[in-house]
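The values are calculated or read from the model by the stated rules, or taken from the named source; none is laboratory data. On a predicted model such as this, the values are computed, not experimentally measured, just so you know. Backbone-built Cβ (ideal geometry, glycine too); neighbour counts: all protein chains shown. Keep in mind that these areas ignore ligands, DNA and RNA; they rest on the heavy atoms of the full protein, side chains included. Shrake-Rupley method; radii C 1.70, N 1.55, O 1.52, S 1.80 Å.
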Amino acid sequence: MSAEASAGSVAAASVPATQSSGRGSEEKGVGGGLAGSKYVKLNVGGSLHYTTVQTLSKEDSLLRSMCNGGAEVTIDSEGWVVLDRCGRHFGLVLNFMRDGSVPLPESHRELEEVLKEAQYYRVQGLVQHCMSAMEKQRNVYEGICRIPMITSTKEEQRMITTCRKPVVKLQNNRGNNKYSYTSNSDDNLLKNIELFDKLGLRFNGRVLFVKDVLGDEICCWSFYGEGRKIAEVCCTSIVYATEKKQTKVEFPEARIFEETLNILIYENGRGSGPGGVALLESSSLVASQSEEEGASAGDRRVRRIHVRRHIMHDERGHGQQTVYKD
């Protein structure tokens with residue numbers, strides 16, 4: 001049993017003689033309260049506290065009722081007022097009664113525990129203090145953007161099909177490269193990742209952003225609405241240099257941002273209506289750099305936008321023409 005001195009100066013508790021006399025019984029229930037006492041010794045679940053009746057009477061609470069006789073008080077043979085509660089946070093409740101304010105724990109679980117104790121003792125000021133702190137925590141938690149990481153194909157399919165929000169997935173697997181990268185590819189790969197983070201923060205709560213580091217593509221964006229893929233932007237191409245093949249990573253920022261805005265038509269199930277389909281079909285006409293792939297009926301509306309697949313003499317100097325090979 002650990003004793004916590006809760007007052008600046010420790011004084012012996014003065015208890016009415018009718019309460020402290022009589023060794024025959026270890027505990028007594030007293031209905032007259034503690035009005036005749038100046039100092040009070042509290043035993044809260046084994047945690048010992050010293051305080052005054054004046055402190056306990058500051059607010060209209062259960063503790064004040066114990067002092068003025070409004071609530072029954074149990075006192076043991078040694079003069080300790082026994083409270084059958086956990087004493088972990090009682091020191092915090094007592095300090096609030098003294099000062100009118102107290103630092104609260106940052107842990108949400110501990111904050112809930114303090115709130116329950118404040119509600120039990122009916123200390124309304126501390127109850128409001130705890131509820132305000134919990135509201136601030138909720139606002140902070142809502143601002144955090146959580147990005148799921150794909151670990152398997154089944155997990156990806158289940159996540160996309162069950163999600164009610166539009167989904168944007170970035171497949172980023174730098175270790176999958178068979179050839180060396182061009183000089184700007186590392187920077188462009190980093191720019192794609194940075195754009196993914198910025199979009200995730202901007203559309204947090206409206207779009208589910210998912211990151212996949214296990215796929216076959218080095219850098220590829222996929223856009224889903226109502227459980228099916230709507231568009232895809234592949235950012236890699238193979239470059240045939242003079243001596244060896246190289247992998248080039250592009251950063252089509254405008255195209256990626258446009259597809260992210262297009263996918264918002266599926267927010268709250270709005271993409272299934274006639275207006276959503278019309279908007280989707282009209283937006284597909286804007287792809288100046290895109291080429292359509294996958295002409296099957298089930299995959300007809302998936303826009304696959306790729307950069308040029310085969311490029312001769314990449315990173316040419318100023319004034320030299322880049323030659324494309326189909």
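Tabulated data
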{"item": "Residue list for region 195-247, filter: β-branched (Val, Ile, Thr) and within 24 Å of the chain's Cα centre (by Cα)", "result": "Val207, Val210, Val213"}
{"item": "Candidates Val207, Val233 - the one that is in contact with a helix residue (DSSP H, G or I) (Cβ under 6 Å, 6 or more places away or on another chain), open to solvent by less than 30 Å² (accessible area, probe 1.4 Å) and at pLDDT 90 or above", "result": "Val233"}
{"item": "For Ser152: the one exception among (1) over 22 Å from Arg304 (Cα atoms); (2) open to solvent by less than 20 Å² (accessible area, probe 1.4 Å); (3) hydroxyl-bearing (Ser, Thr, Tyr)", "result": "(2)"}
{"item": "Answer from Asn176, Asn192 - the residue that is open to solvent by less than 90 Å² (accessible area, probe 1.4 Å) and touching a Cys at 6+ places or on another chain (Cβ under 6 Å)", "result": "Asn192"}
{"item": "Residues of region 88-127 that turn out to be in contact (Cβ under 8 Å) with a residue 60 or more places away in the chain and open to solvent by less than 10 Å² (accessible area, probe 1.4 Å), as a count", "result": "3"}
{"item": "Residue in region 216-230 that is modelled with the highest pLDDT, counting only those that are open to solvent by 10 Å² or more (accessible area, probe 1.4 Å) and closer than 24 Å to Ser180 by Cα", "result": "Ile218"}
{"item": "Evaluation of Pro166 against (1) in contact (Cβ under 8 Å) with a residue 60 or more places away in the chain; (2) within 18 Å of the chain's Cα centre (by Cα) (one fails), failing number", "result": "(2)"}
{"item": "Tabulated pairs, region 230-245, first closer than 19 Å to Gly175 by Cβ, second open to solvent by less than 10 Å² (accessible area, probe 1.4 Å) and of a type in the set (Lys, Arg), C-beta under 9 angstrom, 6+ apart or interchain", "result": "none"}
{"item": "Residue ID - modelled with the lowest pLDDT, chosen from residues in region 25-34 that are part of a loop (DSSP other than H, G, I, E, B) and touching a helix residue (DSSP H, G or I) at 6+ places or on another chain (Cβ under 6 Å)", "result": "Gly33"}
{"item": "Hits in region 162-184 (condition: closer than 25 Å to Leu201 by Cβ and among the polar types (S, T, N, Q))", "result": "Thr162, Gln171, Asn172, Asn173"}
{"item": "Counted residues, region 236-247 - those being of a type outside the set (Gly, Ala, Ser), open to solvent by less than 40 Å² (accessible area, probe 1.4 Å) and within 30 Å of Val167 (Cα to Cα)", "result": "2"}
{"item": "Helices (runs of 4 or more DSSP H) completely within region 48-145 that count 2 or more residues being of a type in the set (Val, Ile, Thr)", "result": "53-56, 124-143"}
